Amino acid sequence: MIGTIRTLLPILGIAGLGYGFVSSTKEALAFSEQMGKVSTLLSTESLPILTKYSTEVKKMSTTFGLSTKDLTDGLYEILSSSIEDSEALSHL
């Protein structure tokens, strides 16, 4: 019994790591898709601001305990209402 437990512990640990990797990969993909949606409202000249948006949305998510989806949806709505690209984060 003890031998079985000792054998299973490393396997369970690897499975846990695998779950964490899959979970974080899904979150990263979802965030990328969310920012892709925001990018559709930016002109080619404004696309470099997307990096700043991404960084700030992640910070706000941590600071305020909001999901990146809620924040990117809000950013999308702000940009949709003709707020200047450079002003959007201050309205978020």
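The values are calculated or read from the model by the stated rules, or taken from the named source; none is laboratory data. The structure presented is a predicted model; accordingly, all values stated were derived computationally and were not measured. When we count neighbours, we look across all protein chains shown, and the Cβ atoms used for this are built from the backbone with ideal geometry, even at glycine.
Close Cβ contacts (under 7 Å, 6 or more residues apart or on different chains) running from residues in the range 61-76 that are among the aromatic types (F, W, Y) to residues that are in a helix (DSSP H, G or I) comprise Y76/K37; Y76/V38.
Residues that are in a helix (DSSP H, G or I), of a type in the set (A, V, I, L, M) and at pLDDT 90 or above are absent from the range 2-20.
When L66 is tested against (1) buried (at least 17 other Cβ atoms within 10 Å of the Cβ); (2) under 13 Å from Q34 (Cβ atoms); (3) aliphatic (A, V, I, L, M), exactly one condition is not met: (1).
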